[in-house]
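Q: Pasting in a structure now, in structure tokens, and then I'll have a few things to ask.
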Amino acid sequence: MMIHRRLFCYFWAMPGSLVGLGLIPLALLSGGRMHIVEGVLEAYGGWLTALLQRPFWISGPISAITFGHVVLGCDRPTLKRTRRHERVHVRQYERWGPFFIPAYVLSSIWIRVRGGNAYLDNPFEVEAYAVDDGFGSPTD
């Protein structure tokens with residue numbers, strides 16, 4: 001039964017994972033790396049780092065971002081440091097499936113329109129920061 005549930009979670013989150021998988025070549029074709037940790041594909045480095053360090057529409061440069069069961073980060077220590085936070089987002093994708101990205105974006109827009117911080121006040125981020133602030137020690 002657990003195998004069926006696990007497979008369903010991967011399938012349900014697949015639309016988000018496909019976005020992440022589409023960005024992995026930015027790392028691999030430019031010297032970056034990837035590995036699997038606890039069933040999640042993590043990629044870092046190369047052009048991916050340059051992309052993540054550009055300002056995003058709801059925040060400034062970012063250290064890591066999750067798309068389904070794919071986490072993209074600037075470097076390996078950053079992925080390790082932000083792992084607990086990003087795993088919350090993996091679980092959110094498993095709950096929301098193909099609705100996660102639209103729900104996240106619409107939530108950010110609604111919060112911004114109401115005068116809040118589109119990133120920090122987003123309930124998806126509030127949940128992730130409640131587990132881990134993303135600024136833990138790289139040796140954790």
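Taken together, the values in this text are just the output of simple stated rules run on the coordinates, not laboratory data. Quick caveat: nothing in here was measured; it's all calculated off a predicted structure. Neighbour counts run over all protein chains shown; Cβ positions are idealised from the backbone, glycine included.
Q: (1) of a type outside the set (S, T, N, Q); (2) free of Cβ contacts under 8 Å to residues at least 60 places away in the same chain; (3) closer than 21 Å to F124 by Cα: which one isn't true of P15, the others all being true?
A: (2)
Q: Still on this structure, please answer the following. Does the stretch 129-139 contain at least one residue that is surrounded by 20 or more Cβ atoms within 10 Å (Cβ to Cβ), touching a helix residue (DSSP H, G or I) at 6+ places or on another chain (Cβ under 8 Å) and not in a strand (DSSP E or B)?
A: no
Q: Going through the stretch 1-46 one residue at a time, which ones are among the polar types (S, T, N, Q) and more than 16 Å from the chain's Cα centre (by Cα)?
A: Within the stretch 1-46, just S30 meets the criteria.
Q: Within the stretch 18-37, can you find the residues that are touching a strand residue (DSSP E or B) at 6+ places or on another chain (Cβ under 7 Å) and in contact (Cβ under 8 Å) with a residue 12 or more places away in the chain?
A: The answer is V19, G20, L21, L23, I24, A27, L28, G32, R33.
Q: Still on this structure, please answer the following. For the stretch 15-73, give me each residue that is closer than 28 Å to I109 by Cα and among the β-branched types (V, I, T).
A: Passing the criteria: V19, I24, T49, I58, I62, I65, T66, V70, V71.
Q: Just name the residue that is surrounded by the fewest Cβ atoms within 10 Å (Cβ to Cβ) out of those in the stretch 21-51 that are among the aliphatic types (A, V, I, L, M) and within 16 Å of R83 (Cα to Cα).
A: I36
Q: For the stretch 83-97, does any single residue satisfy the condition of being in contact with a Lys or Arg (Cβ under 7 Å, 6 or more places away or on another chain) and among the small types (G, A, S)?
A: No: zero hits.
Q: List pairs: first residue in the stretch 109-134 and closer than 22 Å to E94 by Cβ, second residue part of a loop (DSSP other than H, G, I, E, B) and not polar (S, T, N, Q) anywhere in the structure, Cβ distance under 7 angstrom, at least six positions apart or on different chains.
A: These pairs meet every condition: Y119/I58; E125/Y119.
Q: Hey, S59 hits all of (1) of a type outside the set (D, E); (2) out of contact with any Phe, Trp or Tyr (no Cβ under 6 Å at 6 or more places or on another chain); (3) surrounded by fewer than 16 Cβ atoms within 10 Å (Cβ to Cβ) but one; which does it fall short on?
A: (2)
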